[in-house]
Amino acid sequence: MEELLNKYNGQERIVSRICCFTMLLEWMATEESLNGLDLIAGRFKTIRGARRVLPELLNGTDLNSFMHRNNIQQVNPNFMQDWDLLIIDGAHSYIFYCGYLFGVADNNKFTYRPYSDVMNQHQKEYENIVAYRHNKK
């Protein structure tokens, strides 16, 4: 997992090439998710476009079904552990590590942000926050 964070750290977000969705697929590290990296390259330019492409890439299922099918467990966001994945509003992905969330910041670059800062920023979408954990840590 540290390799994944190091790969993205400081990188500028390039939609459909190095973005929240590609980080999510690499975090999953399943055959299906890694194949998805090639499928999404250049397929969308916005979050809205990603949401349109997502069902096709996930074989017609939603993200939660895709995670379940790949043996990734949904967990309570209030009890996250290192390397858990947090998804806000179905679009923003963060990896939890040592009290920080790693993902795209306001400057459009991947970095670490305090958990509380991200949660305060997304208070309106709090009902749309989902966390996941898998065994490959």
Q: Might you report the magnitude of the Cβ-based charge dipole of region 26-65 about its Cα centre, with Lys and Arg at +1 and Asp and Glu at -1, to the nearest 20 debye?
A: 380
**Q.** Value at 222 nm in deg cm²/dmol, rounded to 500, when DSSP H runs of n ≥ 4 in the chain each add -39,500 (n - 2.57)
**A.** -10500 deg cm²/dmol
Q: Could you list the square roots of 5 times each eigenvalue of the Cα gyration tensor of region 2-133, that is, the equivalent ellipsoid semi-axes, sorted largest first and rounded to whole Å?
A: 21, 17, 15
Q) Which value, to two decimals, describes the C-alpha radius of gyration of region 46-106 once divided by 2.2 N^0.38 Å? A) 1.21
Q. If you put +1 on each Lys and Arg Cβ and -1 on each Asp and Glu Cβ, how big is the dipole of the chain around its Cα centre, in Debye rounded to 20?
A. 300
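Any read-out appearing in this document is the output of simple, stated calculations on the displayed coordinates, not a laboratory observation. These numbers come from a predicted model, not from an experiment. A quick note on method: Cβ atoms are made from the backbone with ideal geometry, for glycine too, and the neighbour counts reach across all protein chains shown.
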